[in-house]
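Please read the structure below before turning to the comments.
The values are calculated or read from the model by the stated rules, or taken from the named source; none is laboratory data. Here the structure is a predicted model, which means the values were calculated and not measured. Every residue, glycine as well, gets a Cβ built from its backbone with ideal geometry; the counts of neighbours run over all protein chains shown. Surface areas here come from the heavy atoms of the whole protein model, side chains and all, with no ligands, DNA or RNA. Shrake-Rupley method; radii C 1.70, N 1.55, O 1.52, S 1.80 Å.
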Amino acid sequence: MAVTELGIVNHRARFADFVELTKPRITFLVLITTMVGFYMGSADGFRLLLLFHTILGTGLVASGASALNQYVERDLDARMLRTRNRPLPGGRLLLSEALAFSLAISITGMIYLNFFVNGLTSLLGALTLIAYIFVYTPLKTRTALCTLIGAIPGATPPLMGWTAARGEIDAVALSLFAILFLWQMPHFFAIAWIYTEDYARGGFVVHTSGESTGRQIILYCCALIPISLLPSLFGVTGATYFFGAILLGFIYLSYGFAVALFRSNTHAQRLLRISVLYLPALLVLMMIDKV
């Protein structure tokens, strides 16, 4: 009986490690933004079955990309305090099985999207994975511009949701992409500010805590305000979203100003928290006020 119980515990632990490879919180955010893009792009009724296929396929691709990222960065993760206990640096999974798992779910997700959604959405998923693993990930140890590059695949999920519903990319879809792209920059800068020493320990070249990063936080927060108004200007959302986006944008900007002025980890942590609140608030407002 004890052996059986021990075996169950081991299976559960291994399952949890495979789940951890997929970075569930990031994947969840990907799926939320994909769903928003799908909803905003749905012009002839909300097709639940198509949404299911879109979410499942996108979730597999996103999970596979995260798992491949951990596979590639396993040695760097081992140096950092916040990542050294991940499944691969911690030695809880074999490299071969982690790679096989990552490739299997990634490829399955792309094929699934192609057959059950459409070729454009599958192509976007493939390009996102390639950009994330083969462009953004290697650049993280070479240039601080990696943050700018990494925001591109990070902003693609709402675009995939839109193309799943419409089968095309238009100005409105690109505005959703731009909103998520700009939102990510202060969010990532806040993380880099808080973990500057840990990133340096891991060998990552990121924006460090300092005056330059503070200026860039303000720049991207300022740029986000007019860009976030585009859905209303394109006639997709109404006045409630328009004025709500302005209010949320200035709240986000005020926290960015605090980081730039006081240059402390405390204010960077506050910016990080408000960034996590800003995005869902904006997206919910967008969905509620869809015209």
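Among the candidates I246, I227, I251, I217, which residue alone is under 21 Å from the mean Cα position of the chain (by Cα) and open to solvent by 40 Å² or more (accessible area, probe 1.4 Å)?
It is I227.
Against the condition open to solvent by less than 40 Å² (accessible area, probe 1.4 Å) and either closer than 14 Å to A65 by Cβ or not in a helix (DSSP H, G or I) (or both), how does L124 come out, does it pass?
Yes.
I'd like to know if region 159-170 contains one or more residues that are open to solvent by 40 Å² or more (accessible area, probe 1.4 Å) and at positive phi.
yes
So which pairs qualify, if the first residue must be in region 268-285 and under 26 Å from S232 (Cβ atoms) and aliphatic (A, V, I, L, M), the second must be open to solvent by 20 Å² or more (accessible area, probe 1.4 Å) and part of a helix (DSSP H, G or I), the Cβ gap must be under 6 Å, and the two must be at least 6 apart or on different chains?
These pairs meet every condition: L271/Y255; I274/Y255; A281/L248; L282/L248.
Which residue pairs have Cβ atoms closer than 6 Å, lie 6 or more positions apart in sequence or on different chains, and pair a first residue in region 29-49 that is more than 20 Å from V61 (Cβ to Cβ) with a second residue that is open to solvent by 10 Å² or more (accessible area, probe 1.4 Å)?
Within 6 Å, the pairs are S42/A165.
Of the numbered conditions (1) touching a residue at least 12 places away in the same chain (Cβ under 8 Å); (2) farther than 20 Å from H53 by Cα, L113 satisfies every one except a single condition; which is it?
In the conditions (1) touching a residue at least 12 places away in the same chain (Cβ under 8 Å); (2) farther than 20 Å from H53 by Cα, L113 misses (2) alone.
Identify, please: which residue in region 58-84 is more than 21 Å from the chain's Cα centre (by Cα) and open to solvent by 60 Å² or more (accessible area, probe 1.4 Å) and is, among those, farthest from I194 (Cα to Cα)?
Applying the filter and picking the extreme gives D75.
Scan F101, F115, F134 and give me the residue that is farther than 30 Å from T196 by Cα, open to solvent by 60 Å² or more (accessible area, probe 1.4 Å) and either modelled with pLDDT of 95 or more or not hydrophobic (A, V, I, L, M, F, W, C) (or both).
When all the criteria are applied, what remains is F115.
Could you identify the single residue in P153, P87 that is buried (at least 19 other Cβ atoms within 10 Å of the Cβ) and not in a helix (DSSP H, G or I)?
P87
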